[in-house]
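Data block below; observations after.
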There are 6 protein chains.
Amino acid sequence: MALVYVYRKAHFSASHRLFDPKLTNEQNFEIFGGCSNPNGHGHNYYIEVCIAGEPNPKTGFVIDLKQVKNVLQRYFLNKVDHKNLNVDVDFLTGIIPTTENIAIAAWKQIQPHIAEGKLFSIRLYETENNFAEYRGE
Amino acid sequence: MALVYVYRKAHFSASHRLFDPKLTNEQNFEIFGGCSNPNGHGHNYYIEVCIAGEPNPKTGFVIDLKQVKNVLQRYFLNKVDHKNLNVDVDFLTGIIPTTENIAIAAWKQIQPHIAEGKLFSIRLYETENNFAEYRGE
Amino acid sequence: MALVYVYRKAHFSASHRLFDPKLTNEQNFEIFGGCSNPNGHGHNYYIEVCIAGEPNPKTGFVIDLKQVKNVLQRYFLNKVDHKNLNVDVDFLTGIIPTTENIAIAAWKQIQPHIAEGKLFSIRLYETENNFAEYRGE
Amino acid sequence: MALVYVYRKAHFSASHRLFDPKLTNEQNFEIFGGCSNPNGHGHNYYIEVCIAGEPNPKTGFVIDLKQVKNVLQRYFLNKVDHKNLNVDVDFLTGIIPTTENIAIAAWKQIQPHIAEGKLFSIRLYETENNFAEYRGE
Amino acid sequence: MALVYVYRKAHFSASHRLFDPKLTNEQNFEIFGGCSNPNGHGHNYYIEVCIAGEPNPKTGFVIDLKQVKNVLQRYFLNKVDHKNLNVDVDFLTGIIPTTENIAIAAWKQIQPHIAEGKLFSIRLYETENNFAEYRGE
Amino acid sequence: MALVYVYRKAHFSASHRLFDPKLTNEQNFEIFGGCSNPNGHGHNYYIEVCIAGEPNPKTGFVIDLKQVKNVLQRYFLNKVDHKNLNVDVDFLTGIIPTTENIAIAAWKQIQPHIAEGKLFSIRLYETENNFAEYRGE
């Protein structure tokens, strides 16, 4: 028996603003700097889903990555791509859309729909240089 | 004598919405699809500036790329990074912020400040797969 | 008026074998080396389409890249993705599938369907390090 | 003492077809979709080998990566580069060449020849977006 | 409660030479090959810092990555960028500048200044294909 | 007949220092800043060679890129890889090793050995963000 980790990466474009609505613009600027700019800014995000399991001897797959692609599309990308993460996304209501928090929220969206293997990690790239990973711990 | 093309690439994150304020949301959606989503979306843009000229025999430079970096920072990046391109940028007022139009506008911002060589092209990447180049023609 | 070059990049996976069916395996090996291996090998190809034109003042687009995406999908990617380029592709019949020849053939497939602007170049990446560009000359 | 993980990445181009010879083409298509296309397709694969150990105080190396490069070349790349993974590779006989299975097979090929440190993981990229990692567990 | 790993990546250019001053040039060449070339060679290094912790409910950050950027700049990049790693860097005195040893030394430089979360790993890329990771173990 | 541009990209690691030996260290620092650091620094350079011509009907090649690879290796890479560009390279003697000057010098090294098609351009990447192209004009 062999445990293998399989990965599927996908892209979306979204805008966001880092701010806490309970604070003033000045207080937000102190915490978040230019990231709290009132009219928002945006990113080409990349999400990387990792699933761990043993390859099925009949298919050689831990899970068919086309299935993962479809889950990712339906439960995550359709809701965030070309959207404003502060306003347009039901599962981010009341959440400051930092990379950390989006990764945790993505886990909750995707985890119930992984039918084979176990979701192991969600990595979210905000830029090439800034990213976050959540492993369900 | 030798003509050399030198390039400097830089990054910025911004949000935008493709729409024409003279049209309704429905008409905009027909033209621009999801890119006209009212609350905007965003990108990690890359801009690539190309300057053509003969290397100065004293320095070996067509132009010191640190100078280009500074011009790019002062006259372009400071005005667009972590901004909303529809609302926050003086030199984009009244312009639909497509990749094409941002590249042309960037040329106008940067061209007057290139002190050595001649600005040859501005390439603007909206995503890895979609980009535009303007050569001042 | 301003001439802008817009680019759309896309991906496909295909197998091929470099060989001339009029020659023996030995003669093919002499010309093409390991690339003529009888059972084929393959690549993750990238194709980059460039269209030149003036942005439409109503939309800010030279051409809507979603249109280019659709043309590329319908007339090129659907015919080559997950295919064997020596056997499965009607528009490559009788053509040795080098990067050069695939780029020329792609031009012929795509050019008639570009409704705005003019097709300027097709670049085809066989690997990160080997690629070819055809400009219709 | 300090445990360090060192990595060596390499490239190969190969074709493959996902199918189980005990099933019909139709059954294979149902499981593997376009990946079971009878004439095969291909990829630019990347393999990333990770070895864990303490740097040798005399050299500062966990293991000289040139050694890893040579092992990888001799026991893996020479057998798969510019090959058809279903037909040409002795150590893949009888194995459906999914990313998962190739990663496990690569481990078996490489592990006995790692003379310093311990092989920690093999990561195999089929495309930029689909990959698998095996850690010998 | 949720444990998240956040990453910050940065770039520096440096020269180095792999050699042990207690050995002759010939002995060094035998161990390090072309990497011991007396006049040195160089790389565009990338360093990737990972910090693990729970997002602060007030900010959504494990740690503000701008803080990490500043620590990295002040205690590491300012000392190595555009430098010779054998000669110019106080914290590498007496250390053979292999990727392994630079990663361990970077950990010592950076770890005391991480004010929130815990430093989890330092990954150092010497090239795209050769890299090392240290996790403080 | 069809004109095609074929490209081959390759990598080398080298150190350099930007300075003019006829000037003092202070004068050099004024012109070149940190790039004139006395002990040098270094880069992972990429060189991209472009050759234009008509594909040979017998092979489908403008020129076999393995030939280009060999020319590049023999007349350029062997002389610069893992070297100090100020000291170790015969064809750079007396030349300030800026990206511009290295690209021109590479043209002179490579051009006489291109047996089919015509050398069209040499692009030299010093980093991902700084590069230069020479077209023999």
Report the residue count in segment C:1-58 for those that are free of Cβ contacts under 8 Å to residues at least 40 places away in the same chain, surrounded by 16 or more Cβ atoms within 10 Å (Cβ to Cβ), farther than 18 Å from C:N101 by Cα and more than 9 Å from every other protein chain (Cβ to nearest Cβ). 1
Identify, by number, the condition in (1) of a type in the set (S, T, N, Q); (2) within 30 Å of F:Q27 (Cα to Cα); (3) outside any helix (DSSP H, G or I) that B:N70 doesn't meet. (3)
So which residues in segment D:120-129 are surrounded by 21 or more Cβ atoms within 10 Å (Cβ to Cβ) and over 10 Å from the mean Cα position of the chain (by Cα)? none
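A:D81: within 24 Å of B:F29 (Cβ to Cβ), among the charged types (D, E, K, R), in contact with a Ser or Thr (Cβ under 9 Å, 6 or more places away or on another chain) and modelled with pLDDT of 95 or more, yes or no?
Details: within 24 Å of B:F29 (Cβ to Cβ): yes; among the charged types (D, E, K, R): yes; in contact with a Ser or Thr (Cβ under 9 Å, 6 or more places away or on another chain): yes; modelled with pLDDT of 95 or more: yes.
Answer is yes for this residue.
Among the residues of segment B:80-90, is there at least one that is under 19 Å from C:E54 (Cβ atoms), surrounded by 21 or more Cβ atoms within 10 Å (Cβ to Cβ) and touching a helix residue (DSSP H, G or I) at 6+ places or on another chain (Cβ under 6 Å)?
Of all residues in segment B:80-90, those under 19 Å from C:E54 (Cβ atoms) come to none.
Within segment B:80-90 (the criterion being under 19 Å from C:E54 (Cβ atoms), surrounded by 21 or more Cβ atoms within 10 Å (Cβ to Cβ) and touching a helix residue (DSSP H, G or I) at 6+ places or on another chain (Cβ under 6 Å)), the answer is no, since none of the residues qualifies.
Going through segment F:32-56 one residue at a time, which ones are in contact with a Gly (Cβ under 7 Å, 6 or more places away or on another chain) and farther than 15 Å from F:A14 by Cβ? Full working, then the answer.
If we filter segment F:32-56 for residues that are in contact with a Gly (Cβ under 7 Å, 6 or more places away or on another chain), which is where we start, we get F:40-43, F:51-53.
Residues satisfying the conditions are F:I51, F:A52, F:G53.
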Any residue at all in segment C:14-25 that is in contact with a helix residue (DSSP H, G or I) (Cβ under 9 Å, 6 or more places away or on another chain), under 14 Å from D:H41 (Cα atoms) and of a type in the set (G, A, S)? yes
Pick from segment A:62-79 the residues that are β-branched (V, I, T) and in contact with a Gly (Cβ under 8 Å, 6 or more places away or on another chain): which of them is surrounded by the most Cβ atoms within 10 Å (Cβ to Cβ)? A:V62
Could we say that F:G53 is under 27 Å from B:I51 (Cα atoms), among the small types (G, A, S) and at pLDDT 95 or above here? yes
Quick check: is even one residue across segment F:97-114 closer than 27 Å to E:N37 by Cβ, over 11 Å from the mean Cα position of the chain (by Cα), facing chain B (nearest Cβ under 10 Å) and free of Cβ contacts under 8 Å to residues at least 40 places away in the same chain? no
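Could you please find all residues in segment E:79-94 being of a type in the set (A, V, I, L, M), more than 8 Å from every other protein chain (Cβ to nearest Cβ) and part of a loop (DSSP other than H, G, I, E, B)?
Filtering segment E:79-94 down to residues of a type in the set (A, V, I, L, M) leaves E:80, E:85, E:87, E:89, E:92.
Applying the additional criterion that residues be more than 8 Å from every other protein chain (Cβ to nearest Cβ) yields E:80, E:85, E:89, E:92.
Hits for segment E:79-94 are E:L85, E:V89.
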Which one of these does E:F131 not meet: (1) within 7 Å of another protein chain (Cβ to nearest Cβ); (2) over 25 Å from F:S13 (Cα atoms); (3) in a strand (DSSP E or B)? (2)
Of the conditions (1) more than 26 Å from C:M1 (Cβ to Cβ); (2) more than 13 Å from the chain's Cα centre (by Cα); (3) not charged (D, E, K, R), B:T93 fails just one. Which one is it? (1)
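The values are calculated or read from the model by the stated rules, or taken from the named source; none is laboratory data. What you are looking at is a predicted structure, and each value in this text was computed from that prediction instead of being measured. Glycine gets a Cβ as well: all are built from the backbone with ideal geometry, and neighbour counts include every protein chain shown.
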